[in-house]
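Some notes on the structure that comes next.
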Amino acid sequence: MAAYAVTYAYVPETEEMVAVRPTHVDFLKGLHEQGTLLVSGRLTEAEPLGALLIIKGDSVDEVASIMDGDPFYAGGFVAERTVRKWNIAFGSIAGAE
């Protein structure tokens, strides 16, 4: 398995997005507990706001399929998503090969 960088650019925040956030967080917690999500966090201080997630997987298609289940993505709160294989040159993340 390899590491994949998933980036999100969010749509402007709405009340509906705020209401879905706990389900989104639970989805990510589940991936983390399974060992699929290695690390994630919000991207701030520039527009659009978004997130960076490092996911363990076998292919771009597999990781995209996993992330299709994210309530933020499924709910239309992600304006743009990229999934790219990340070849780690320096340092390490536990679980990434």
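The values are calculated or read from the model by the stated rules, or taken from the named source; none is laboratory data. Keep in mind it's a predicted model, so treat the numbers as computed, not measured. As a convention, Cβ positions derive from the backbone with ideal geometry for all residues, glycine included, and neighbour counts pool all protein chains shown. What goes into the accessible areas is simple: the full protein's heavy atoms, side chains included, and nothing from ligands, DNA or RNA. Shrake-Rupley method; radii C 1.70, N 1.55, O 1.52, S 1.80 Å.
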Query raised in the report: Within segment 72-91, is there a residue that is modelled with pLDDT under 95 and of a type in the set (G, A, S)?
Result: yes
Query raised in the report: For segment 6-14, does any single residue satisfy the condition of being exposed (fewer than 15 other Cβ atoms within 10 Å of the Cβ) and either in a helix (DSSP H, G or I) or under 15 Å from the mean Cα position of the chain (by Cα) (or both)?
Result: no
Report summary line: Condition set of a type in the set (G, A, S) and more than 19 Å from G30 (Cβ to Cβ), scope segment 61-83, selection most open to solvent (accessible area, probe 1.4 Å): answer is A79
Report task. Can you give me the number of residues within segment 39-56 that are on the phi < 0 side of the Ramachandran plot and open to solvent by 50 Å² or more (accessible area, probe 1.4 Å)? Result -> 11
Report summary line: Selection from segment 15-35 of residues in contact (Cβ under 8 Å) with a residue 40 or more places away in the chain and β-branched (V, I, T) yields V20, T23
Query - Leading residue by the ranking (nearest to I93 (Cα to Cα)) among those in segment 36-58 that are in contact (Cβ under 8 Å) with a residue 24 or more places away in the chain and outside any strand (DSSP E or B) - result: T36
Requested in this report: List every residue pair whose Cβ atoms sit under 9 Å apart, with the two residues 6 or more apart in sequence or on different chains, where the first one lies in segment 64-79 and is farther than 17 Å from E15 by Cβ and of a type in the set (F, W, Y) and the second, anywhere, is open to solvent by less than 50 Å² (accessible area, probe 1.4 Å) and assigned to a helix (DSSP H, G or I).
Outcome: Y73/H24; Y73/M67
